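Everything below concerns the one structure shown next.
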Amino acid sequence: MKYAFFLGCTIPARAMNYEISTRKIATKLGIELVDLLDFSCCGLPVKSVDFFTSVVMAAKNIAVAEEKGLDMCILCNGCAVTLVEANHLLKHDEEMKKRVNKELEKIGREFKGTIETKHLAKILYEDVGVDKIKKEIKHPLEDFKFAAHYGCHYFKPSVVYERFDDPEFPVSLDKLIEATGAPPVQYSTKTDCCGGGILAVSQDIALKMTKTKLDELHEKQIDAMISICPFCSVMYDANQKSIEKDFEGDYNIPILYYPQALGLALGIPPDELEFKRNRIKPKEMIQRFNEKYAVPAEKPKE
Amino acid sequence: MGEGTIIVKELDSGFKYRVTEEPGGEHLMRCYACGTCTASCPVRAIEESFNPRKIIRMTILGMKDEVLNSDFVWLCSTCYACQERCPQDVVITELMNALKNIAVKEGIVHPGIASQAQEILKFGRVYEIDDFANKKREKLGLPSLKSDSKEVETIFKSTGIDKYIAKLEEEK
């Protein structure tokens, strides 16, 4: 399994724990991730300025992967929806494809429509498979309660994602969590939006949206929320302390990237999974993990 | 006339057609105002002034200035909850985007959105990856990344959005 690794803008700047843990689990699971220097912004931030320009930008990135003959592995939900939407549109709309390629010609590229654009979690779910992941588990996380946060753009709009998961009651990330041995916690605000999409427009409304889910998860007494999007994590993890301050809450809910949790279960030493970069430290959880599986705190790297 | 009165002669009856011609706005006229969108909207749950059903109705009525000049056009978080549930397939999230795109062409854009586009024009990405960032990546054993805006610049100039962004820069 080989993919062009699309990092996007937020991950190298604000979520290196996601990038690093993804690279580690990929190696463990036999997924080869190829870095391509010519990738740029996916195009999402300019969609609200001009839809066509965002499609051209997405098509440019897809063309870069097509040149290498590789499907794309995408980590960010925002990048995923943009690249999947453009790929879907241009594969189905010949007229649009012509218009976009006229633009791409000016930078010496062409969209052909020969590859798949997939989020990492979808690759794990569909291409690797839950059964194969289960077979690789060394340290089942059965003592931990995890709540899945999919993020809207991971599976919606369901039309462009061809309904690979249910838009009202998604299950794929819950199944991936289950594969680590941890029982996925069910909760009513599971598909709620993090608010990240309007953080730049109204911080007050955005943070109140983030808070809604934190309130429910606080009551559920989970060990961590599992995220697969750097922007959702910015909202729930990086902004959690300021939400506590602004609204007098007390959450202390660690927000882990799925590859960090999976990495633990696959037997990757905790200190290699970059938990130090998570704003809310999963200290208590890691301590319990280390006690159970007798992992020395400062084990030298293999 | 009291607040909330709609003055018919001030309406722009052609506005709805402009919206249906914009990518994403094609299904505007299908709306039968059931309100499923508003009931599903997580932004509306917090901020009363953001009401998708009302925005759609105002658009159909031709309240162009009220729609384009309001903050609420920019408040859609693009969660797609309304779009998934709309019984008339109005494709509401994309419709909201169409309204934003029209606003931009009228010279109206939220500064937060504009500054992001300006960063992308400068660096090819939202956050610059400079030598310092690449050295940090190197230390962590990660491959270098490029902040190259040449291709993005060509695309922006060709589609013409560089003009809108430049205009915003002046206003700032």
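Here, each number is a calculation from the coordinates, and none is a lab measurement. Predicted, not measured: the structure shown is a model, and the values here were computed from it. Using ideal geometry, Cβ is built from the backbone for each residue, glycine included, and neighbour counts are taken over all protein chains shown.
What the table below lists for this structure:
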{"read-out": "Helix A:77-92 axis, angle to chain A major axis (alpha carbon atoms, nearest 10°)", "value": "30 degrees"}
{"read-out": "Test item: B:42-53 mean partner chain Cβ contacts at 10 Å", "value": "4"}
{"read-out": "The stretch A:158-192: chymotrypsin sites (Phe, Trp or Tyr not before Pro) in DSSP coil with no more than 15 other Cβ atoms inside 10 Å", "value": "A:PHE164"}
{"read-out": "The stretch B:105-168 and the stretch A:33-66: distance between their alpha carbon centers, rounded to Å", "value": "12 Å"}
{"read-out": "For the stretch A:176-187, 3J(HN,Hα) per residue [Karplus equation, 6.51 cos²θ - 1.76 cosθ + 1.60, θ = phi - 60°, Hz, x = Gly/Pro]", "value": "5, 5, 4, 4, 7, x, 8, x, x, 6, 8, 8"}
{"read-out": "R0 of 22 Å, Cβ-Cβ distance A:VAL171-A:LYS220: FRET efficiency to nearest 0.05", "value": "0.75"}
{"read-out": "Listed peptides A:9-20, A:52-63, B:137-148 by packing density, highest first (mean Cβ within 10 Å)", "value": "A:52-63, A:9-20, B:137-148"}
{"read-out": "√(5λ) per eigenvalue of the Cα gyration tensor, the protein assembly as shown, largest first, Å", "value": "37, 27, 20"}
{"read-out": "Average partner coverage of B:84-95, which counts Cβ from other chains inside 10 Å", "value": "2"}
{"read-out": "Neighbourhood net charge (11 Å Cβ-Cβ; Lys/Arg +1, Asp/Glu -1) for B:TYR32", "value": "+3"}
{"read-out": "Positive minus negative residues near B:ASP131 (Lys, Arg vs Asp, Glu; Cβ under 11 Å)", "value": "0"}
{"read-out": "Per-residue HN-Hα couplings for the stretch A:136-144 [Karplus 6.51, -1.76, 1.60; θ = phi - 60°; Hz; x = Gly/Pro]", "value": "8, 6, 9, 10, x, 8, 5, 8, 10"}
{"read-out": "The stretch A:215-264 - percent relative contact order, Cα under 8 Å, separation 6 or more", "value": "52 percent"}
{"read-out": "Cysteines, chain A, no other Cys beta-carbon under 4.7 Å", "value": "A:CYS9, A:CYS41, A:CYS73"}
{"read-out": "Under 10 Å, Cβ to Cβ, from B:GLU47 - net charge with Lys/Arg +1 and Asp/Glu -1", "value": "-1"}
{"read-out": "Highest-fluctuation residue, A:ILE226, A:ILE198, A:ILE107 considered, GNM on chain A with Cα pairs under 10 Å", "value": "A:ILE107"}
{"read-out": "J(HN,Hα) series, the stretch B:65-78, from Karplus relation 6.51 cos²θ - 1.76 cosθ + 1.60, nearest Hz, glycine and proline x", "value": "5, 4, 6, 6, 8, 7, 4, 5, 4, 8, 8, 5, 8, 6"}
{"read-out": "Inter-chain Cβ neighbour average for residues B:154-165, partner chain, 10 Å", "value": "5"}
{"read-out": "Cβ crowding within 10 Å averaged over residues, with A:234-241, A:148-155, B:41-48 ranked highest first", "value": "A:148-155, A:234-241, B:41-48"}
{"read-out": "Relative contact order computed over chain B (Cα-Cα under 8 Å; 6+ residues apart), in percent", "value": "20 percent"}
{"read-out": "Positive dipole terminus of chain B, leading residue within B:GLN118, B:GLY160, B:ILE92 (C-beta point charges)", "value": "B:ILE92"}
{"read-out": "5 angstrom amide H check on A:ALA148, placed H, neighbours 5+ away", "value": "A:VAL185, A:ILE226"}
{"read-out": "Most mobile listed residue (A:GLY129, A:GLY43, A:GLY108) in chain A, GNM with C-alpha springs under 10 Å", "value": "A:GLY108"}
{"read-out": "Most mobile listed residue (B:ALA117, B:ALA133, B:ALA39) in chain B, GNM with C-alpha springs under 10 Å", "value": "B:ALA133"}
{"read-out": "Amide H partners (placed H, <5 Å) of A:VAL34, local residues excluded", "value": "A:TYR3, A:ALA4, A:PHE5"}
{"read-out": "The stretch A:65-148 - Rg and Dmax from Cα coordinates, angstrom", "value": "17.7, 56"}
{"read-out": "For chain A: relative contact order, % (alpha-carbon pairs under 8 angstrom, 6 or more apart)", "value": "19 percent"}
{"read-out": "All lysines inside 16 Å of B:LYS150 as judged from Cα atoms, apart from same-chain residues fewer than 8 positions distant", "value": "A:LYS60, A:LYS106, B:LYS122"}
{"read-out": "Euclidean distance between Cα centres, the stretch A:208-264 to the stretch A:74-93, Å", "value": "27 Å"}
